[in-house]
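*Asks:* I'd like to ask you about the structure that follows.
The values are calculated or read from the model by the stated rules, or taken from the named source; none is laboratory data. As the structure is a prediction and not an experimental result, all values here were calculated from the model. Here the Cβ positions follow ideal geometry from the backbone for every residue, glycine too, while neighbour counts run over all protein chains shown.
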Ligand SMILES: Nc1ncnc2c1ncn2[C@@H]1O[C@H](COP(=O)(O)OP(=O)(O)OP(=O)(O)O)[C@@H](O)[C@H]1O
Ligand SMILES: [Mg+2]
């Protein structure tokens with residue numbers, strides 16, 4: 001299984017809680033935005049529990065309602081309804097001895113919540129069309145990206161079910177609130193892709209990492225991982241600079257121009273040109289100033305004024321002849 005990167009204090013605190021609760025059969029509710037690693041964390045809790053060798057069964061609570069939902073969770077007997085040609089077991093039975101992961105639990109249809117709560121009390125239920133009570137031994141972990149308290153206020157989620165599910169609440173912070181974890185995550189995923197694709201990982205310029213730290217990652221770790229995979233696939237032997245990043249990602253940093261401030265426009269245009277030329281000359285200021293048709297002194301002045309910092313030969317590109 002993939003490793004769970006723990007690269008900041010908030011994650012270390014979370015892992016402390018995970019170690020404390022994993023061995024007990026308490027219900028855990030993992031909250032966090034999409035892509036923060038809720039399912040991955042649920043699996044880790046399962047794997048650190050005495051149930052590790054038994055099944056981990058994820059069920060998406062958002063996709064079914066009514067009888068279909070009951071069928072998915074509790075199964076049915078042969079002939080229970082039209083189309084029930086064979087007996088079928090549901091997720092509760094499939095997870096027997098292991099862990100049932102209720103993903104997107106806020107989406108659990110309100111009409112199904114009462115029955116569901118009852119089953120969570122004693123883990124006994126009947127398959128649809130069945131007569132026999134079935135007892136299972138499962139540990140329940142749920143996850144949501146919604147604020148369940150808000151759902152309760154809106155009348156969409158039962159309060160009693162909420163308290164049953166969240167004996168231990170765990171909140172996974174969005175990536176923008178743990179930005180110091182970004183460089184470590186980047187390194188981790190790049191190594192992972194290197195192993196998967198059997199190709200050398202590209203070197204990323206410091207400015208690229210800076211940009212990643214500045215970005216807010218609304219899709220969280222999933223978004224970061226997907227972008228890195230894209231960069232990894234299209235990269236050549238050359239180090240990856242800001243200009244090599246996909247345009248749709250760079251677009252997030254485009255500032256809407258509110259004014260027609262000429263000084264500002266000039267500064268942006270000059271900064272771009274200087275960065276580009278320095279990139280092409282491998283950071284050689286002498287050559288860069290010739291290409292820009294300005295004196296090395298003027299170039300030095302502009303670098304200072306616009307606070308432009310460039311590594312010498314940072315991208316390893318061969319200097320252009322001037
Ligand atoms: N701490 C982490 N270390 C390594 N990989 C991670 C970490 N957190 C998340 N990931 C990766 O990010 C991706 C998204 O994680 P996951 O599916 O667990 O998120 P989620 O919170 O369940 O998202 P959603 O709410 O959209 O279902 C997965 O590919 C997972 O492997
Ligand atoms: Mg998920």
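*Asks:* I'm checking my understanding of the structure. Among residues of the stretch 212-224 that are out of contact with any strand residue (DSSP E or B) (no Cβ under 9 Å at 6 or more places or on another chain) and buried (at least 18 other Cβ atoms within 10 Å of the Cβ), which one is nearest to residue 308 (Cα to Cα)? Explain how you work it out, then say what you get.
*Replies:* Residues of the stretch 212-224 that are out of contact with any strand residue (DSSP E or B) (no Cβ under 9 Å at 6 or more places or on another chain), as a first pass: 213-224.
Next, from what is left, pick out any that are buried (at least 18 other Cβ atoms within 10 Å of the Cβ): 215, 217, 220-221, 224.
On the way: 215: 19, 217: 25, 220: 29, 221: 30, 224: 26 Å.
Looking at residues that are out of contact with any strand residue (DSSP E or B) (no Cβ under 9 Å at 6 or more places or on another chain) and buried (at least 18 other Cβ atoms within 10 Å of the Cβ), I get 215.
*Asks:* Which number in (1) at pLDDT 80 or above; (2) in contact with a helix residue (DSSP H, G or I) (Cβ under 7 Å, 6 or more places away or on another chain); (3) under 22 Å from residue 244 (Cβ atoms) marks the one condition that residue 310 misses?
*Replies:* That leaves (1) as the condition not met.
*Asks:* Continuing with the same structure: Go through the stretch 148-187 and count every residue that is within 23 Å of the chain's Cα centre (by Cα) and outside any helix (DSSP H, G or I).
*Replies:* Within the stretch 148-187, residues that are within 23 Å of the chain's Cα centre (by Cα) and outside any helix (DSSP H, G or I) number 9.
*Asks:* While we're looking at this one, here's another question. Restricting to the stretch 65-90, count the residues that are in contact (Cβ under 8 Å) with a residue 40 or more places away in the chain and not in a loop (DSSP other than H, G, I, E, B).
*Replies:* Here the count works out to 9.
*Asks:* Now a separate question. Test of understanding: among 267, 207, 229, 255, which residue is more than 25 Å from residue 179 (Cβ to Cβ) and away from ligand 2 (no atom under 16 Å from the Cβ)?
*Replies:* Numbers: 207 fails: more than 25 Å from residue 179 (Cβ to Cβ); 229 fails: more than 25 Å from residue 179 (Cβ to Cβ); 255 fails: more than 25 Å from residue 179 (Cβ to Cβ).
Only one candidate passes the filter, namely 267.
*Asks:* Also, I was wondering about something else. Output the residues belonging to the stretch 18-45 that are in contact (Cβ under 8 Å) with a residue 60 or more places away in the chain, more than 13 Å from ligand 1 (Cβ to nearest atom) and either in a helix (DSSP H, G or I) or on the phi > 0 side of the Ramachandran plot (or both).
*Replies:* 21
*Asks:* Do we find that residue 65 is more than 16 Å from ligand 1 (Cβ to nearest atom) and crowded, with 19+ Cβ neighbours inside 10 Å in this structure? Full working, then the answer.
*Replies:* Values: more than 16 Å from ligand 1 (Cβ to nearest atom): yes; crowded, with 19+ Cβ neighbours inside 10 Å: no.
Criteria not met by residue 65.
*Asks:* Is it true that residue 279 is modelled with pLDDT under 85, closer than 26 Å to residue 176 by Cα and not assigned by TED's automatic domain parsing to the domain that holds residue 202?
*Replies:* Details: modelled with pLDDT under 85: yes; closer than 26 Å to residue 176 by Cα: no; not assigned by TED's automatic domain parsing to the domain that holds residue 202: yes.
Spelling it out, it is not the case that residue 279 is modelled with pLDDT under 85, closer than 26 Å to residue 176 by Cα and not assigned by TED's automatic domain parsing to the domain that holds residue 202.
*Asks:* Let me ask something additional. Looking at the stretch 46-58, which of the residues that are outside any loop (DSSP other than H, G, I, E, B) and either surrounded by fewer than 21 Cβ atoms within 10 Å (Cβ to Cβ) or on the phi > 0 side of the Ramachandran plot (or both) is farthest from ligand 2 (Cβ to nearest atom)?
*Replies:* Of all residues in the stretch 46-58, those outside any loop (DSSP other than H, G, I, E, B) come to 46-47, 56-58.
In the following step, the residues that additionally are either surrounded by fewer than 21 Cβ atoms within 10 Å (Cβ to Cβ) or on the phi > 0 side of the Ramachandran plot (or both) were identified as 47, 56-58.
Details: 47: 17, 56: 13, 57: 14, 58: 8 Å.
It comes out as 47.
*Asks:* Is it fair to say residue 26 is away from ligand 2 (no atom under 13 Å from the Cβ) and either closer than 20 Å to residue 224 by Cβ or surrounded by fewer than 17 Cβ atoms within 10 Å (Cβ to Cβ) (or both)?
*Replies:* Working: away from ligand 2 (no atom under 13 Å from the Cβ): yes; either closer than 20 Å to residue 224 by Cβ or surrounded by fewer than 17 Cβ atoms within 10 Å (Cβ to Cβ) (or both): yes.
Here the answer is yes, as residue 26 does meet what is asked.
*Asks:* Then there is this: Can you spot a residue in the stretch 118-137 that is in contact with a helix residue (DSSP H, G or I) (Cβ under 6 Å, 6 or more places away or on another chain), more than 16 Å from ligand 1 (Cβ to nearest atom) and within 22 Å of residue 21 (Cβ to Cβ)?
*Replies:* yes
*Asks:* OK, next. For residue 290, state whether it is surrounded by 12 or more Cβ atoms within 10 Å (Cβ to Cβ) and either farther than 14 Å from residue 186 by Cβ or within 16 Å of ligand 2 (Cβ to nearest atom) (or both).
*Replies:* Yes: the conditions hold for residue 290.
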